[in-house]
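Asks: Got a structure for you, questions after.
The values are calculated or read from the model by the stated rules, or taken from the named source; none is laboratory data. Computed from a predicted model, the values in this text were never measured in an experiment. As a convention, Cβ positions derive from the backbone with ideal geometry for all residues, glycine included, and neighbour counts pool all protein chains shown.
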Amino acid sequence: MRFRLPNKLLKYGYWLALVPIFFLVQYYYVHDPESHTGEGFFPSCIFHSLTGYHCPGCGSQRAVHDLLNGRILQALQHNLLFVILAIVLGIKVYYYIAKNYFKKEVVDWTYNKYFTITVFVLIISYWILRNIASPPFCHLAP
């Protein structure tokens with residue numbers, strides 16, 4: 001026998017998930033991960049600490065802070081891939097809201113196998129290219 005939650009409970013569960021997200025967004029808006037004054041708690045990248053190489057997520061905390069404060073160019077300099085994926089996530093949220101709350105028919109272009117493979121290849125390529133020390137790839141490092 002399989003246990004399923006009622007749709008109403010799931011709907012409110014999504015709204016409850018927004019509470020910690022709201023406080024996390026406020027925290028990243030106020031505190032700068034790039035400042036070295038010791039204010040705030042920002043975990044460092046374990047992969048970078050162990051290997052010295054940048055992972056695809058390195059610089060994303062600084063990019064979040066810059067995006068929330070309206071500094072788009074600095075966010076792109078910290079982590080180009082994060083900004084692109086944040087735009088895709090925003091489009092996905094729009095599709096979800098339009099379909100479930102406004103009952104609009106939307107064509108979600110992210111529901112195909114090629115999109116998933118493309119994102120995977122893009123992340124791996126970005127990971128490799130941002131660790132090449134020669135121009136123009138050195139500009140991808142945070």
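Asks: Check the range 105-115 and report whether any residue there is touching a Gly at 6+ places or on another chain (Cβ under 9 Å), in a loop (DSSP other than H, G, I, E, B) and under 27 Å from CYS58 (Cβ atoms). Give the steps one after another, and end with the answer.
Replies: Let us first name the residues in the range 105-115 that are touching a Gly at 6+ places or on another chain (Cβ under 9 Å), namely none.
The answer is no, given that none of the residues of the range 105-115 is touching a Gly at 6+ places or on another chain (Cβ under 9 Å), in a loop (DSSP other than H, G, I, E, B) and under 27 Å from CYS58 (Cβ atoms).
Asks: Does TYR96 meet the test of being over 24 Å from TYR27 (Cα atoms), assigned to a helix (DSSP H, G or I) and more than 17 Å from the chain's Cα centre (by Cα)? Give the derivation first.
Replies: Numbers: over 24 Å from TYR27 (Cα atoms): yes; assigned to a helix (DSSP H, G or I): yes; more than 17 Å from the chain's Cα centre (by Cα): yes.
Criteria met by TYR96.
Asks: Quick one: in the range 69-93, which of the residues that are assigned to a helix (DSSP H, G or I) and more than 22 Å from CYS138 (Cα to Cα) is modelled with the lowest pLDDT?
Replies: The first filter runs over the range 69-93 and keeps only residues assigned to a helix (DSSP H, G or I), leaving 72-78, 80-93.
Of the ones still in play, those that are also more than 22 Å from CYS138 (Cα to Cα) are 86-93.
Details: ALA86: 92, ILE87: 93, VAL88: 92, LEU89: 90, GLY90: 91, ILE91: 91, LYS92: 90, VAL93: 87.
Taking the candidates together, the pick is VAL93.
Asks: Checking ALA63 against (1) hydrophobic (A, V, I, L, M, F, W, C); (2) over 18 Å from the mean Cα position of the chain (by Cα); (3) assigned to a helix (DSSP H, G or I); (4) at pLDDT 90 or above, which single condition isn't satisfied?
Replies: (2)
Asks: Please go through the range 89-103 and give me each residue that is exposed (fewer than 13 other Cβ atoms within 10 Å of the Cβ) and more than 24 Å from PHE23 (Cβ to Cβ), ordered by number.
Replies: Listed by number, the residues that qualify are ASN100, PHE102, LYS103.
Asks: Further question on the same structure: Out of all the residues in the range 83-142, which are more than 30 Å from TYR53 (Cβ to Cβ) and polar (S, T, N, Q)? Outline the logic, then answer.
Replies: Restricting attention to the range 83-142, the residues satisfying the condition of being more than 30 Å from TYR53 (Cβ to Cβ) are 91, 93-109, 111-112.
Within the range 83-142, ASN100, ASN112 meet the criteria.
Asks: Oh, and also: Checking the conditions here, which among THR37, THR51 is over 18 Å from the mean Cα position of the chain (by Cα) and either modelled with pLDDT under 90 or charged (D, E, K, R) (or both)? Reasoning before the result, please.
Replies: Working: THR51 fails: either modelled with pLDDT under 90 or charged (D, E, K, R) (or both).
Going through THR37, THR51 in turn, just one is over 18 Å from the mean Cα position of the chain (by Cα) and either modelled with pLDDT under 90 or charged (D, E, K, R) (or both): THR37.
Asks: How many residues does the range 28-82 contain that are under 23 Å from LEU129 (Cβ atoms) and surrounded by fewer than 19 Cβ atoms within 10 Å (Cβ to Cβ)?
Replies: 19
Asks: Which of (1) in contact with a helix residue (DSSP H, G or I) (Cβ under 6 Å, 6 or more places away or on another chain); (2) in contact (Cβ under 8 Å) with a residue 40 or more places away in the chain is the odd one out, the single condition VAL106 does not satisfy?
Replies: Answer for VAL106: the failing condition is (2).
Asks: For ALA17, only one of the following conditions fails: (1) crowded, with 16+ Cβ neighbours inside 10 Å; (2) of a type in the set (A, V, I, L, M, F, W, C); (3) at pLDDT below 85. What is its number?
Replies: In the conditions (1) crowded, with 16+ Cβ neighbours inside 10 Å; (2) of a type in the set (A, V, I, L, M, F, W, C); (3) at pLDDT below 85, ALA17 misses (1) alone.
Asks: Ok, one more. Within the set of pairs 6+ apart or on separate chains, which have a first residue in the range 73-91 that is under 9 Å from SER60 (Cα atoms) and small (Gly, Ala, Ser), a second that is at pLDDT 95 or above and loosely packed, with under 15 Cβ neighbours inside 10 Å, and C-beta atoms under 7 Å apart?
Replies: none
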